[in-house]
1. Got a sec? Which strands (runs of 3 or more DSSP E) wholly within the stretch 1-45 have at least 3 residues that are touching a residue at least 12 places away in the same chain (Cβ under 8 Å) and closer than 17 Å to A100 by Cα?
2. Go through (1) in contact (Cβ under 8 Å) with a residue 12 or more places away in the chain; (2) touching an Asp or Glu at 6+ places or on another chain (Cβ under 9 Å) one by one and return the number of the condition Q80 breaks.
3. Do we find that R69 is farther than 16 Å from R98 by Cα, basic (K, R), crowded, with 16+ Cβ neighbours inside 10 Å and in contact with an Asp or Glu (Cβ under 7 Å, 6 or more places away or on another chain) in this structure?
4. Starting from residues that are more than 19 Å from P4 (Cβ to Cβ) and out of contact with any Phe, Trp or Tyr (no Cβ under 8 Å at 6 or more places or on another chain), keep the ones in the stretch 91-102 and report whichever is surrounded by the most Cβ atoms within 10 Å (Cβ to Cβ).
5. Just give me the residues in the stretch 52-78 being more than 17 Å from L9 (Cβ to Cβ), charged (D, E, K, R) and in contact with a strand residue (DSSP E or B) (Cβ under 7 Å, 6 or more places away or on another chain), in sequence order.
6. Could you look through the stretch 53-90, keep only residues that are within 9 Å of the chain's Cα centre (by Cα) and of a type in the set (A, V, I, L, M), and pick out the one that is nearest to P5 (Cα to Cα)?
7. Quick test of your reading of the structure: A39 fulfils all but one of (1) under 9 Å from the mean Cα position of the chain (by Cα); (2) surrounded by fewer than 17 Cβ atoms within 10 Å (Cβ to Cβ). Name the failing condition by number.
8. Return the residues of the stretch 69-86 that are assigned to a loop (DSSP other than H, G, I, E, B) and within 13 Å of I48 (Cβ to Cβ); say none if nothing qualifies.
Amino acid sequence: MTHPPLPALAAEIVIDLPGSREVSADGSTVWSRGGLPYAALGPDGIEIHLDRDIAPAAMRTPDTAPSARGPDWIRFSPGQLDPHAIDRLRAWLELAYRRAGT
């Protein structure tokens with residue numbers, strides 16, 4: 001089964017998150033809720049703002065690394081979007097979105 005590329009998949013997930021705002025500039029897209037950014041897509045993958053307790057655990061999963069945005073952020077750059085990577089992306093984006101709304 002062929003999956004859409006990371007940018008298209010992230011956009012598909014975010015479109016279902018009400019109140020999410022998107023700003024695209026200089027080759028990157030930032031999504032925010034209530035003025036708080038919760039994800040940023042760029043040429044090197046997607047950066048997602050997670051809880052302080054979850055980010056370190058998330059970084060122990062494949063294709064994930066620290067983000068220069070801060071200790072609560074991760075960079076996810078999957079080499080292949082298999083069902084497990086898609087599940088992680090969806091869960092992390094939804095968590096980040098909910099976190100931005102609190």
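Just so you know, all these numbers are worked out from the coordinates, no wet-lab data involved. Keep in mind that this is a model prediction, so the values were computed, not measured. Counting neighbours? That spans all protein chains shown, and the Cβs are built from the backbone with ideal geometry, glycine included.
1. Counting at least 3 such residues, we get 28-33, 36-42.
2. Failed condition: (1).
3. no
4. The selected residue is L95.
5. Once the filter is applied, which keeps residues that are more than 17 Å from L9 (Cβ to Cβ), charged (D, E, K, R) and in contact with a strand residue (DSSP E or B) (Cβ under 7 Å, 6 or more places away or on another chain), the stretch 52-78 yields R52, R69, D72.
6. Only one residue fits best here, namely L89.
7. Looking at each condition in turn, A39 falls short on (2).
8. R69, S77, P78
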